[in-house]
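The structure under discussion appears below in the form of structure tokens.
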Amino acid sequence: MATTQGTYPLERITNLARKVEQYREILLSNLVLVGEIPAPSGQEEERINFILEKFLQLGLENCATDEIGNAVAILPGSKRKHSILLTAHVDVPFEITANHTYTLEENKVWGIGVADNSLGVATLLSLPIFLKKLNITLENDLILLGAVKSLEQSNQEGLKFFLANTQKKPHCALLLEGSPLGRLNFRSMSTFGGQITCQINRRLSEASAIEMICQIIQSLKTLPLAEEEHTVLTLGSIEGGASYKYPARSCNLKFQIRSNSDQTIKNLIQKIYQILDNISQHPGLSVHLKTIATSIAGGLNSSHPLVLKARNIQEKLDITPQDNIYSPVISPFVEHNIPALCLGLTNADNLHYLDEYIEIEPCSKGLAQLIGLLLLIDKEIDLCRT
């Protein structure tokens, strides 16, 4: 019996996990096929071509790549009044030369990028098959987007391009991330990720660039961080020097500041520039600040119907909710006033390391969560704009 009539009851969602488990091999096959294709940010062409070929094989409409390289397709709904965007970023934080071979065990899949975010992409490719096998037809169009240039300095460029240029604005959006199961992000904080570079002119100074970076760090730690706005400074990484025997000629510091207030971040950035101006007075020292990534504050409230429905589904499926409601992936949707949720699909570990892996068994709950939420949104889509 098709589920195109009436509201999809929460009680039926508990059965979805068992039904989806029958088709788990479809997901795992797509996971290995897509995951073993290298896709560093800005070099995703081969993976995008594979995704586009799969979209065509599925008989989706309007299969194409846009000007920036995103893969886009539409699963048409029966009424086509509105559209729901389902998206996953296709890039992974590993170079082309890394070993992309995946290994399947009884309850684990090992491989670089398997959780971030090959599983999300595999789910994007598998969902139309699951819906067909479950005899589910959505009323509204489902836009499937494989987004390029998302990670680190790419700063979600692919997703931002799509939202800025699409002719049919999505009514709401769901973002797929491989892990963790129970993830439910619906707000973004205001953030600024930056890289400070110190360089020493050896003809003018014998100072160490590392020492200069350390002085900058001490100054950064004096910045006023408003607790009521959850303002935080994170010192991410330091890289510099060529040998233990010689003073470093150059050194880089990567950091992030985040807050619930956009204005607070703007004020802190100005203070950071003042710190750098002061220290650059040292003879032979040049200091530069480069932006890595930014996001703006906003998103849905905890009482929004879309958030409440997602939490109800997680409860029905005995999915333990994660505490963190914030993610920068929500920021592009805030800019375009589109309600959005980011979901995790399974449990994983060792993310961004060579021994990254996901657990297979929880994927059934992750997929049931996604399908159940899609059905509820599809039947009550106007609640997205409440």
Could you point to the label whose value was computed as mean projected area of the Cα convex hull in nm² for the structure here, given (1) 20.6; (2) 24.8; (3) 41.7?
(1)
How high is the relative contact order of the stretch 128-280, given as a whole-number percent (alpha carbon pairs under 8 Å, six or more residues apart)?
23 percent
Under 12 Å, Cβ to Cβ, from ILE296 - net charge with Lys/Arg +1 and Asp/Glu -1:
+2
May I ask you to list the GluC sites (Glu not before Pro) in the stretch 94-187 that are in a DSSP loop and have at most 14 other Cβ atoms within 10 Å of their Cβ?
GLU95, GLU105, GLU106
At 4 °C and a viscosity of 1.567 mPa s, what translational diffusion coefficient does Stokes-Einstein give for the stretch 156-201, taking Rh as the Kirkwood radius over Cα pairs? Give it in µm²/s as a whole number.
88 µm²/s
Are there cysteines in the chain with no second cysteine's Cβ under 4.7 Å away, and if so, which?
CYS63, CYS198, CYS214, CYS251, CYS342, CYS363
What percent antiparallel are the DSSP beta bridges of the chain, to the nearest 5?
75 percent
Take a quick pass over the stretch 232-326 and tell me how many lysine pairs come in under 26 angstrom between Cα atoms, counting only ones 8 or more apart or on separate chains.
6
Total formal charge among the other residues, if their Cβ is under 9 angstrom from that of LYS81, Lys/Arg +1 and Asp/Glu -1
0
In a shell of Cβ-Cβ distance under 12 Å around THR197, excluding THR197 itself, what net charge do Lys and Arg (+1) and Asp and Glu (-1) give?
+2
Highest average packing first - 225-238, 180-193, 289-302, 43-56, Cβ atoms within 10 Å:
180-193, 43-56, 289-302, 225-238
Towards the positive end of the charge dipole of the chain, with charges on Cβ (+1 Lys, Arg; -1 Asp, Glu), say which of GLY158, HIS288, ILE338 has the farthest Cα.
ILE338
Which whole-number percent is the relative contact order of the chain (Cα, under 8 Å, 6+ apart)?
24 percent
Applying the gyration tensor rule to the Cα atoms of the stretch 190-295 (axes a ≥ b ≥ c; rounded if a/c under 1.5, else prolate if a/b exceeds b/c, else oblate), the class is prolate
For the stretch 281-386, run through the chymotrypsin sites (Phe, Trp or Tyr not before Pro) and keep only the ones in DSSP coil with at most 11 other Cβ atoms within 10 Å of their Cβ.
TYR353
Which shape class, rounded, prolate or oblate, goes with the stretch 1-144 when its Cα gyration tensor gives a ≥ b ≥ c as root eigenvalues, a/c under 1.5 marks rounded, and past that a/b bigger than b/c marks prolate?
oblate
Percent of Cα-Cα pairs per 5 Å bin, from 0 to the last occupied bin, for the stretch 89-135, please list those.
5, 18, 22, 21, 16, 11, 4, 2, 0
Cα gyration tensor shape for the stretch 236-386, rounded if a/c is under 1.5, else prolate or oblate
oblate
Before anything else, pin down the relative contact order of the stretch 1-111: Cα pairs under 8 Å, at least 6 apart, normalised by residue count, whole percent.
26 percent
What is the extension gain from ALA64 to THR234, computed as 0.36 nm multiplied by their sequence separation minus the C-alpha to C-alpha distance, in nm to one decimal?
57.3 nm
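Rule-based calculations on the coordinates, nothing more; no lab input. Everything numeric here is computed off the predicted structure, so don't read it as measured data. Glycine gets a Cβ as well: all are built from the backbone with ideal geometry, and neighbour counts include every protein chain shown.
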